[in-house]
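**Student:** Have a look at the structure that comes next, please.
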Amino acid sequence: MKPKIYIETSFISYLTARPSRDLIIAAHQQITHEWWNTRREYFDIYTSHLVIREASAGNPEAAAKRLFILQDIPLMEMNESVMSMAEQLIQHHAVPKGSEEDALHIAVAVVNGADYLLTWNCTHIGNAERRNLIAEVCHKNGCEFPVICTPEELIGE
């Protein structure tokens, strides 16, 4: 059985965006492409309706590219348990108030039993300073905590 990965919107955005002139962003884009082309076959990949909604926003041409990539990826459930977990993450300051969608991404991955949450959002999702608090909230609610990482961290050998 392959490990389950929840891919959130920042990953899809880096995968489909025009090459950036910013060296760090360009490197992240290259790493994302490398991961997609060489590593995705080792995982069962999932996303959510939230990612579909976020990917649909903005420039219509860019949105179409994001949605094309997402079209065949199965969706994880967004149910009452997910909403409750997201509320807990906000209430316990694991994710700051005003970042409810970031809390929802984490909650979707947690409640649906993802092994990994793949992200480039290191402000609220892949933030090492928040990781222990997020894990604590998950464990208090009887859920396993997925590995939250960037594609660079999940590149394999």
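**Student:** Of all residues in the stretch 62-91, how many are of a type outside the set (A, V, I, L, M, F, W, C) and surrounded by 14 or more Cβ atoms within 10 Å (Cβ to Cβ)? Talk me through it step by step, then tell me what you get.
**Tutor:** We begin by selecting, within the stretch 62-91, every residue of a type outside the set (A, V, I, L, M, F, W, C); these are 65-66, 71-72, 74, 77, 79-81, 84, 87-88, 91.
Keeping just the survivors that are surrounded by 14 or more Cβ atoms within 10 Å (Cβ to Cβ) gives 65-66, 81, 87-88.
So the count comes out to 5.
**Student:** Any residue in the stretch 107-131 that is within 17 Å of S10 (Cα to Cα) sitting within a Cβ distance under 6 Å of a residue that is among the β-branched types (V, I, T) and in a helix (DSSP H, G or I)? List the pairs, counting only those 6 or more apart or interchain.
**Tutor:** Note: pairs meeting the criteria are A107/V82; V108/V82.
**Student:** Only one of (1) under 15 Å from the mean Cα position of the chain (by Cα); (2) closer than 20 Å to N79 by Cβ is not met by T123, so which one is it?
**Tutor:** Only one criterion is unmet by T123, namely (2).
**Student:** Here are L70, L23, L75, L15: which of them is among the aliphatic types (A, V, I, L, M) and more than 17 Å from the chain's Cα centre (by Cα)?
**Tutor:** Numbers: L70 fails: more than 17 Å from the chain's Cα centre (by Cα); L75 fails: more than 17 Å from the chain's Cα centre (by Cα); L15 fails: more than 17 Å from the chain's Cα centre (by Cα).
Checking each option against the conditions leaves just L23.
**Student:** Looking only at the stretch 13-61, which residues are basic (K, R) and surrounded by 11 or more Cβ atoms within 10 Å (Cβ to Cβ)? Step through it out loud before you land on a result.
**Tutor:** To start, the set of residues in the stretch 13-61 that are basic (K, R) comprises 18, 21, 39-40, 53.
Within the stretch 13-61, R39, R40, R53 qualify.
**Student:** Also, I was wondering about something else. Answer yes or no as to whether I125 is touching a helix residue (DSSP H, G or I) at 6+ places or on another chain (Cβ under 6 Å) and either farther than 27 Å from W36 by Cβ or modelled with pLDDT of 95 or more (or both). Let's see the steps before the verdict.
**Tutor:** On the way: touching a helix residue (DSSP H, G or I) at 6+ places or on another chain (Cβ under 6 Å): yes; either farther than 27 Å from W36 by Cβ or modelled with pLDDT of 95 or more (or both): no.
When the stated conditions are applied, I125 does not pass them.
**Student:** Hey, any hits in the stretch 93-105 for a residue that's within 21 Å of H28 (Cβ to Cβ), of a type in the set (S, T, Y) and out of contact with any Asp or Glu (no Cβ under 8 Å at 6 or more places or on another chain)? Steps first, please.
**Tutor:** Here is the first cut: in the stretch 93-105, the ones within 21 Å of H28 (Cβ to Cβ) are 99, 101-102, 105.
Those left that are additionally of a type in the set (S, T, Y): 99.
Going one step further and asking which of them are out of contact with any Asp or Glu (no Cβ under 8 Å at 6 or more places or on another chain), we end up with 99.
So far as the stretch 93-105 goes, yes, one or more of its residues are within 21 Å of H28 (Cβ to Cβ), of a type in the set (S, T, Y) and out of contact with any Asp or Glu (no Cβ under 8 Å at 6 or more places or on another chain).
**Student:** At least 1 residues that are more than 14 Å from T16 (Cβ to Cβ) and touching a His at 6+ places or on another chain (Cβ under 8 Å) in each: list the helices (runs of 4 or more DSSP H) lying fully within the stretch 50-117 that qualify. Walk me through how you get there before you give the answer.
**Tutor:** On the way: elements: 60-70, 80-91, 100-111.
Per the criteria, 100-111.
**Student:** Check off (1) outside any helix (DSSP H, G or I); (2) within 20 Å of N121 (Cα to Cα) for A26 and give me the number that stays unchecked.
**Tutor:** It fails just one condition, (1).
**Student:** Mind checking which residues of the stretch 132-154 are more than 14 Å from the chain's Cα centre (by Cα), over 14 Å from P3 (Cβ atoms) and either in contact (Cβ under 8 Å) with a residue 60 or more places away in the chain or part of a loop (DSSP other than H, G, I, E, B) (or both)?
**Tutor:** If the condition is that a residue be more than 14 Å from the chain's Cα centre (by Cα), over 14 Å from P3 (Cβ atoms) and either in contact (Cβ under 8 Å) with a residue 60 or more places away in the chain or part of a loop (DSSP other than H, G, I, E, B) (or both), then N141, G142, C143 are the ones that fit.
The values are calculated or read from the model by the stated rules, or taken from the named source; none is laboratory data. Fair warning: this is a prediction, and the values are worked out from it, not measured in the lab. Here the Cβ is made from the backbone with ideal geometry for all residues, glycine too, and neighbour counts use every protein chain on show.
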